[in-house]
Amino acid sequence: MAHAPRTATAPATPAIGGIQFPTGADGQRSSSATGKAIFGAALAVLDAPAAASLQAERNWRKRYAQHLHHLTAAMLAQPEQTAAAAQAGLDATHAAFVFSRDGAERPLAQAMAQPSSALKTSEIPGRAAPAGWTVPYRGQSLSGDALRRQIDDWLARELLEPGAAAALHRASGEPGWFDLRDRSIALLGAGAEAGPLRWLTAWGARVAAIDLPREAIFTRIRSLAEQGAGTVLAPQAAEGAVPGADLLADTPELAAWLCEVFAPPSGELDLLALAYADGERHARVAVAMDALIAAVQVRHPKAGVGFLATPTDSFAVPPEVAAAGRARWAARGVGARLAHALSAGQAFAPNLTESIDVAGQAWSITECSVLQQGPNYALAKRLQHWRALASAAAGRAVSINVAPSTNTWSVVKNRLLAAGFAGADLFGVEVFEPETTNALMAALWVHDLRTRSAPSAAAARPAVGAAHPLALLSHQSFHGGLWRLPYVPASALAVAALAGLARGRKH
C-alpha cells in the first residue's frame, strides 16, 4: 500500500531511546547511508560490481528504486543464492542498528539479550461464539456463492493472481478453518488500520496484541476482544497502567514477554508483523519487529511468520504475468503512444521488460515502486521479504501475501497519492477500503495456516518454491491490478492523479 513520503535523515539526538539508525563519522544518523550499506550487503552476495555501484550512488533518494530493481533481478537470476542474499541483508541490518537507553547506546543484539524489566499481562476474554468469514465490499457482506462470484470477477479483471483466487475459493468452502481456538498469534502492530485483529478475535484465536500504550488504541483493542470469541493478551508496564508497549523503545522487554506468554510447549505459534509508522520510523519499526521475530524463533523452532506485502515494489513474476502486461502494452491506445514518444519515454514507460530464464521459463519483473514512498519504506518492506525467504529456507512456515492498495489514513493524508488512487481505475486498478482488505488478507493467512504441511523449503506453499524461491512472494498476490499494467505505474501516476483531482473538484 502506498504511504506518505519518507525523510532521509533522522535527528542526531533522538527525543526518546530505543532502536536507532547508527551514528556516522559526522555525528548524524543517516538513514540513507545505513540503507545503502544494508542493500549493498544483500546485493554483494549476487553481484559485487552492482553492489559497489549501489554504495557509490550519490543520489540515493531519487535512484534507490533502480538499485532495488537490480537486486530483484539478481535474485531471480540466481535462485540458489536467493536465501543467502536475504540472510546477508538481515545480518547487515542487525549489525548496523543500535539500541539507545538512558543516554547509552549498545549493539542491537546485545540489548535484545538484556531486558531491563519484566512486562505484566492484561488479559481480555471474548464473550461471543466463533464467527464465520464474510467479506464487506461496496455496501454488501459477501459469503457463499456471492463471494465466489466476486472472486471470479476480480480474477477476470486481473486484480489478483490465480494462486490468490484459488486460495480464497478454497477458504470459502472450508468454514471449519476459521475456528482458530487452537491457534496462538502474536500480532505486532495490533491496531493497524488494514490489520486482521477484528477477524482473529472473531474467530477465537489467542492473540498477543502489541501496540502503543495509548488509551484510544487500547480501547479499540479491548472492544474487539470483548466482541470476539478468543482471548487477547496485552503487555503492560505496571498494574493500573494503560496496556501496550512501544516496539521501538521496549523491544528487549517485548521479546522476553512474548517468550514467557508463549513458553513452549504452548501449541503452535505464529507472528504477524504489521506495524507502520511515518518516515524513517517505519524502517526502525520494521527492524524492531524483525528483532522480535528472531528472538522468538530461537525459543520456538517451529514458530511461523506472516506479513502483508505492498504491491508497490519490484517483484519477480512468472511468465503468465509478463505475457498479460506485454499484451496490454502492444494494444495500448494512441494517447499513451503519443505521450510516451513526446516525453522521451518517461510517460507510460513499458512494464515487464526483462526476460530472465528460470528452469526454461521466461520470468520477468513487475516494477511498481512509487518514488514518493522513499527508501526507508523500501527498506522496511524488503526486511519482511528477506525474513520470509530466510524463514522458508530454514523450513519454517511462512505466509506473505501482497495486499491491494488500500484507502488507509496513511494514504489519503498525502494529496498526490490520494489523487493517484482516486484516478487509478482509469488503468484498471482498484483501490480497496480497509475493511475489505482486512477480510481478504485475514482469509489468505488462514488458508496458509491450514494448508501448510510438514516443514519444507517452501513452507506454507510447498509446490510453489519448486519454481523459484521468489515465487513465495508472488504466488498469492492480490495486487489490485498493478502488476499486470502495461506501464510502470509511476510513469502513469501523474495522469491518474490529475484525473483524481478533477473528480474531487466535481464533488
Residue pairs meeting the criteria (Cβ under 6 Å; at least 6 apart or on separate chains; first hydrophobic (A, V, I, L, M, F, W, C), in segment 37-60; second modelled with pLDDT of 95 or more and not in a helix (DSSP H, G or I)): L46/Q78
From the options A422, A499, residue that is modelled with pLDDT under 85, in contact with a Lys or Arg (Cβ under 7 Å, 6 or more places away or on another chain), surrounded by fewer than 22 Cβ atoms within 10 Å (Cβ to Cβ) and of a type in the set (G, A, S): A422
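What residue, among those in segment 375-410 that are among the β-branched types (V, I, T) and touching a helix residue (DSSP H, G or I) at 6+ places or on another chain (Cβ under 6 Å), is surrounded by the most Cβ atoms within 10 Å (Cβ to Cβ)? Don't jump to the end; show me each part of the working.
Within segment 375-410, the first condition is being among the β-branched types (V, I, T), and the residues that meet it are 398, 400, 402, 406, 408.
Checking the rest, the ones that are also touching a helix residue (DSSP H, G or I) at 6+ places or on another chain (Cβ under 6 Å) come to 398, 400, 406, 408.
Details: V398: 27, I400: 29, T406: 24, T408: 19.
Filtering segment 375-410 for residues that are among the β-branched types (V, I, T) and touching a helix residue (DSSP H, G or I) at 6+ places or on another chain (Cβ under 6 Å), the one surrounded by the most Cβ atoms within 10 Å (Cβ to Cβ) comes out as I400.
Would you mind finding the one in D102, D91 that is touching a residue at least 40 places away in the same chain (Cβ under 8 Å), within 29 Å of A50 (Cα to Cα) and acidic (D, E)? Walk me through how you get there before you give the answer.
Details: D102 fails: within 29 Å of A50 (Cα to Cα).
After applying the criteria, what remains is D91.
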Can you find even one residue in segment 361-374 that is touching a Lys or Arg at 6+ places or on another chain (Cβ under 6 Å), at negative phi, aliphatic (A, V, I, L, M) and surrounded by fewer than 24 Cβ atoms within 10 Å (Cβ to Cβ)? no
Taking segment 100-112, which residues are within 25 Å of A241 (Cα to Cα) and either aliphatic (A, V, I, L, M) or touching a Leu at 6+ places or on another chain (Cβ under 6 Å) (or both)? A111, M112
How about segment 340-396: which of its residues are in contact with a strand residue (DSSP E or B) (Cβ under 9 Å, 6 or more places away or on another chain) and aromatic (F, W, Y)? F348, W363
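Could you list, in sequence order, the residues of segment 164-188 that are in a helix (DSSP H, G or I), within 24 Å of K302 (Cβ to Cβ) and out of contact with any strand residue (DSSP E or B) (no Cβ under 9 Å at 6 or more places or on another chain)?
Restricting attention to segment 164-188, the residues satisfying the condition of being in a helix (DSSP H, G or I) are 164-172, 175-178.
With within 24 Å of K302 (Cβ to Cβ) added as a condition, the list becomes 167, 170-171, 176-178.
Result: R170, A171, G176, W177, F178.
Out of all the residues in segment 61-71, which are closer than 18 Å to G374 by Cβ and touching a residue at least 12 places away in the same chain (Cβ under 8 Å)?
To start, the set of residues in segment 61-71 that are closer than 18 Å to G374 by Cβ comprises 61-69, 71.
Within segment 61-71, R61, K62, Y64, A65, H67, L68, H69, L71 qualify.
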Of all residues in segment 239-258, count the ones that are of a type outside the set (D, E, K, R), surrounded by fewer than 18 Cβ atoms within 10 Å (Cβ to Cβ) and either within 30 Å of G176 (Cβ to Cβ) or modelled with pLDDT under 95 (or both). 1
Show the residue pairs that are 6+ apart or on different chains and have beta-carbon atoms under 9 Å apart, the first residue being within segment 424-445 and over 13 Å from H479 (Cα atoms), the second being in a helix (DSSP H, G or I) and among the β-branched types (V, I, T). L426/V495; F427/V495
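Return the residue satisfying two criteria in turn: it lies in segment 310-339 and is among the basic types (K, R) and over 19 Å from L159 (Cβ atoms), and of such residues it is farthest from the chain's Cα centre (by Cα). Before you say what the answer is, go through the steps one by one.
Kept after step one, since they are among the basic types (K, R), are these residues of segment 310-339: 326, 328, 332, 337.
Now restrict to residues that are over 19 Å from L159 (Cβ atoms): 332, 337.
Values: R332: 31, R337: 34 Å.
My answer is R337.
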Can you run down the residue pairs with Cβ atoms below 8 Å, 6 or more apart or on separate chains, where the first is in segment 150-173 and of a type in the set (A, V, I, L, M, F, W, C) and the partner is at pLDDT 95 or above and surrounded by fewer than 19 Cβ atoms within 10 Å (Cβ to Cβ)? I151/H169; L155/P162; A165/D152; A165/L155; A171/W177
Selection from segment 442-470 of residues that are hydrophobic (A, V, I, L, M, F, W, C), at pLDDT 95 or above and farther than 21 Å from R181 by Cβ: L470
Kindly provide the set of residues from segment 361-373 that are out of contact with any His (no Cβ under 9 Å at 6 or more places or on another chain) and small (G, A, S), ordered by number. A362, S364
Is at least one residue of segment 209-231 surrounded by 20 or more Cβ atoms within 10 Å (Cβ to Cβ), part of a strand (DSSP E or B) and at pLDDT 95 or above? yes
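Among the strands (runs of 3 or more DSSP E) contained in segment 242-339, which hold 3 or more residues that are more than 30 Å from P350 (Cα to Cα)?
269-273, 304-309
The values are calculated or read from the model by the stated rules, or taken from the named source; none is laboratory data. These numbers were taken from a predicted model, which means no experiment stands behind them. Positions of Cβ are generated from backbone atoms using ideal geometry, with glycine treated the same way; all protein chains shown enter the neighbour counts.
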